[in-house]
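Since the structure comes first, as structure tokens, the remarks are kept for the end.
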Protein chains: 2
Amino acid sequence: MIVHHLYSGGKDSSLAAWILSRLGYEVRLVTLSFGLLDNWSFARDTAERLGFEHQVVYLSRDILEKAADMAVRDGHPNNAIQFIHERALEAIAAMPEVGRVSDGTRRDDRVPFLDLPRARSLEDRFNVAYIRPLLGLGYKTIRELTERLFVVEIRESEELEKADYEVELRHLLRERGIDPLEIFPKSHYQSRVLGWKEKSI
Amino acid sequence: MIVHHLYSGGKDSSLAAWILSRLGYEVRLVTLSFGLLDNWSFARDTAERLGFEHQVVYLSRDILEKAADMAVRDGHPNNAIQFIHERALEAIAAMPEVGRVSDGTRRDDRVPFLDLPRARSLEDRFNVAYIRPLLGLGYKTIRELTERLFVVEIRESEELEKADYEVELRHLLRERGIDPLEIFPKSHYQSRVLGWKEKSI
């Protein structure tokens, strides 16, 4: 039972990967990149520390360009992030021999998030099962599991130390001469999973 | 980390209990009863076969009467089932020293199902975490896990061999001289978890 899991190296996608492994799935982590930056390497680092298999899948730069258009038009990144996330899941689902796709989206997430019709559409169009291990968990539960499992570093840091697609989207906006701070809400600190605390896979 | 898990003895609530135990929770199964019938004993049977702690919690018959009123008024049991489920979760959440409440509701369930505002309201009013291990899983995933884990008996059978609250609701309707078949959709077969197949807790 192999599952391909969309992975940023953050706490949520790391916790979801752990849950999948506890349910007996063979977890293959997949980090998306548009090839602008090598920030995917932070996800690879964390994947190695946690002992998961990891691969990078490249998405067309057209998708990022279109997302940047949306972010500029909206003055807010939500639709752009949602758009990229859906394309990312589709890209993984379209890979040969992929039968299960998962991510770390949570019950309390507003974006990225696939509502039920979209989740079913993904499953039907690509003949995959779409698994979201964190969907039924609230923030308290996610926090208690994360604190039990992971050594996490929290600090103010440069955004490059993340492997989610926000980083390349910000980069592209900057290339277009747009200050990402005019579009993205400010975030003051970042957390990064450094390794297992008590449990391991 | 103790969690009190609403349990009917069926496949979904058994699978959810297994997932909770795999995540490191100490699982206490709770079956609700209105005291009309002893169909809770089927859940106790299955709980024993699976090796989980089990208890029965009695709900006021007023709740069942009110649910029966709703079912008769609507000509359909959905609102009644939803009503009982919410009261059941509240009853568990209100028990002393309960900090986590869970159930086996699925992504694809229409009822019973707590939307996000209701889920958060339950958590806030009772200061508990509400955990739904199956919420992020589609039917394919639930089927593959269930088939791997449980010996399941599927057959046409009397409804009494279930421990969900539908059974007492049907019974009360019959006591009122109403044929439950006029309100409930027909179900042709029932499945019952008999024990572990490959894995155990």
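The values are calculated or read from the model by the stated rules, or taken from the named source; none is laboratory data. Keep in mind that what you see is a predicted model, and the values were worked out from it rather than measured. Virtual Cβ from ideal backbone geometry, glycine too; neighbours counted across all protein chains shown.
Could you go through region B:30-40 and let me know if any residue there is crowded, with 21+ Cβ neighbours inside 10 Å and among the β-branched types (Val, Ile, Thr). Scanning region B:30-40 turns up at least one residue that is crowded, with 21+ Cβ neighbours inside 10 Å and among the β-branched types (Val, Ile, Thr). Answer yes or no as to whether A:PHE42 is touching a helix residue (DSSP H, G or I) at 6+ places or on another chain (Cβ under 7 Å) and modelled with pLDDT of 95 or more. So A:PHE42 does not fit the description; no.
Note down all Cβ pairs under 7 Å where the first residue falls in region A:21-40 and is away from chain B (no Cβ under 14 Å) and within 12 Å of A:VAL167 (Cα to Cα), the second is surrounded by fewer than 24 Cβ atoms within 10 Å (Cβ to Cβ) and among the β-branched types (Val, Ile, Thr), and they're at least six residues apart or on different chains. So the pair list comes out as A:LEU32/A:VAL57; A:SER33/A:VAL56; A:LEU37/A:VAL167; A:ASN39/A:VAL167; A:TRP40/A:VAL56. Just a yes or no: is a residue in region A:108-129 out of contact with any helix residue (DSSP H, G or I) (no Cβ under 7 Å at 6 or more places or on another chain), small (Gly, Ala, Ser) and either surrounded by fewer than 13 Cβ atoms within 10 Å (Cβ to Cβ) or away from chain B (no Cβ under 14 Å) (or both)? No - not one qualifying residue is present in region A:108-129.
Of the strands (runs of 3 or more DSSP E) lying entirely inside region B:1-84, the ones with 2 or more residues being in contact with an Asp or Glu (Cβ under 6 Å, 6 or more places away or on another chain) are found at B:2-6. Considered as a group, the residues in region B:86-107 that are more than 13 Å from chain A (Cβ to nearest Cβ) and out of contact with any helix residue (DSSP H, G or I) (no Cβ under 8 Å at 6 or more places or on another chain) include one that is farthest from B:ILE2 (Cα to Cα), and that residue is B:ALA91.
All conditions but one from (1) under 17 Å from A:LEU149 (Cα atoms); (2) buried (at least 22 other Cβ atoms within 10 Å of the Cβ); (3) not polar (S, T, N, Q) apply to A:HIS5; the one that does not is (1).
All conditions but one from (1) in contact with a Leu (Cβ under 6 Å, 6 or more places away or on another chain); (2) more than 9 Å from chain A (Cβ to nearest Cβ); (3) hydrophobic (A, V, I, L, M, F, W, C) apply to B:ILE178; the one that does not is (1). From the list A:SER14, A:SER33, the lone residue that is under 13 Å from the mean Cα position of the chain (by Cα), at pLDDT 95 or above and closer than 21 Å to A:PHE83 by Cα is A:SER33.
Table: residues versus (1) crowded, with 22+ Cβ neighbours inside 10 Å; (2) hydrophobic (A, V, I, L, M, F, W, C).
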| position | (1), (2) |
| --- | --- |
| A:SER21 | no, no |
| A:GLU26 | no, no |
| A:ALA93 | no, yes |
| A:THR105 | yes, no |
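Restricting attention to region B:132-166, the residues being more than 14 Å from chain A (Cβ to nearest Cβ) and either at pLDDT below 85 or buried (at least 16 other Cβ atoms within 10 Å of the Cβ) (or both) number 14.
Of all residues in region B:41-71, those satisfying the criterion of being within 25 Å of B:ARG143 (Cα to Cα) and surrounded by 17 or more Cβ atoms within 10 Å (Cβ to Cβ) are B:PHE42, B:ALA43, B:ARG44, B:ASP45, B:THR46, B:ALA47, B:LEU50, B:PHE52, B:HIS54.
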